[in-house]
1. HN-Hα J couplings of region 47-62 from phi, Karplus 6.51/-1.76/1.60, θ = phi - 60°, integer Hz, Gly and Pro as x?
2. Once amide H atoms are built 1.01 Å from N in the peptide plane, which residues 5 or more positions from residue 86, or in another chain, come under 5 Å H to H?
3. Within region 34-143, how many Lys pairs that are eight or more residues apart, or on different chains, come under 28 Å at the alpha-carbon?
4. I want the local charge near residue 37. Using Cβ-Cβ distances under 9 Å, sum +1 for each Lys or Arg and -1 for each Asp or Glu among the other residues.
5. Counting Lys +1, Arg +1, Asp -1, Glu -1, what net charge surrounds residue 64 among other residues with beta carbon under 14 Å of its beta carbon?
6. Where nothing but the Cβ of Lys and Arg (+1) and of Asp and Glu (-1) is charged, how large is the charge dipole of region 34-143 around its Cα centre, in debye to the nearest 20?
7. Can you pull the one-decimal nm distance between simple spin-label points at residue 99 and residue 45, each 7 Å off the Cα toward Cβ?
8. Whole-Hz Karplus ³J(HN,Hα) for region 114-130, in order, using 6.51 cos²θ - 1.76 cosθ + 1.60 and θ = phi - 60°, x for Gly and Pro?
Amino acid sequence: MMRRRTMAAGLRGLLLLLVVIQAGCAGTKALASRDPGERLRERARAYWDARVGRDLAATYTLHEPAFRRAVTMTAFAQGRGVTQVLEYEILGKRIEGDLGIVKVKTKSTFTHPKLVKPVEPSWSEFDEQWVRVDGEWYRKFRFPIGDPYPPVDWNASGAGGQRPVLPPRP
C-alpha cells in the first residue's frame with residue numbers, strides 16, 4: 001500500500017514537471033512571437049533600470065550570450081563602478097534585421113577615490129546596439145572609449161574571461 005502511494009506521488013510530480021516545462025516552452029514561443037520593437041524597448045528599459053539600480057548581475061545577463069561566454073562576471077565587474085547612471089530616457093529605436101539600435105539619453109556622473117571633488121552629473125545621448133539571438137534581444141558590449149562597437153569576435157576570444165581579440169588600431 002505504501003509503495004503504491006509513493007509511485008502515485010512520483011507520477012503526479014512527473015506530470016507536474018512536464019506541465020511546467022511545457023508552459024515554459026509556450027512562454028518562450030510567445031515571447032519570440034511578440035512585437036520585436038516593443039520587446040527591444042522592454043529589454044533596453046530593463047538594462048537601464050538595472051544600471052540606475054546598480055544591479056550588476058542583471059546588466060551582465062542582458063549582454064549577448066557570446067560576450068558572456070568570453071567575459072566572466074568577475075572580469076565584467078572589474079570595469080564597472082566608475083560611471084554612475086542616475087537617470088535615463090529611451091528616445092527611440094529602430095530595427096535592421098537582427099540588429100536593434102536604441103537611442104538613449106542618460107544622466108550620469110563619475111565616482112573615483114582619486115577624484116578631488118565630485119563630478120557634476122551631466123546628460124549625454126548615444127545610440128546603443130542590441131542583437132537578436134534565438135528570438136530575444138541582448139545588448140552588445142559598448143566600449144567606453146574610441147569606436148564603441150569595433151568588430152569583435154567574442155566566440156574567438158575564448159571562454160573564461162580571456163582578453164577579447166580586438167581589431168588593430170589604425
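1. Karplus values, whole Hz, x for Gly and Pro: 4, 6, 4, 5, 5, 4, x, 6, 8, 4, 4, 5, 5, 5, 5, 7.
2. 107, 108, 109
3. So the count of such lysine pairs works out to 10.
4. Counting the neighbours of residue 37, the net charge comes to +2.
5. +2
6. My answer is approximately 300 debye.
7. 2.6
8. Result, rounded to whole Hz: 8, 6, 6, 9, x, 8, 4, x, 9, 9, 9, 10, 7, 9, 10, 9, 10.
Read-outs: derived from the displayed coordinates by stated rules, not from any lab. As the structure is a computational prediction, the values presented were derived from the model and not from experiment. We place every Cβ from the backbone using ideal geometry, glycine too, and count neighbours over all the protein chains shown.
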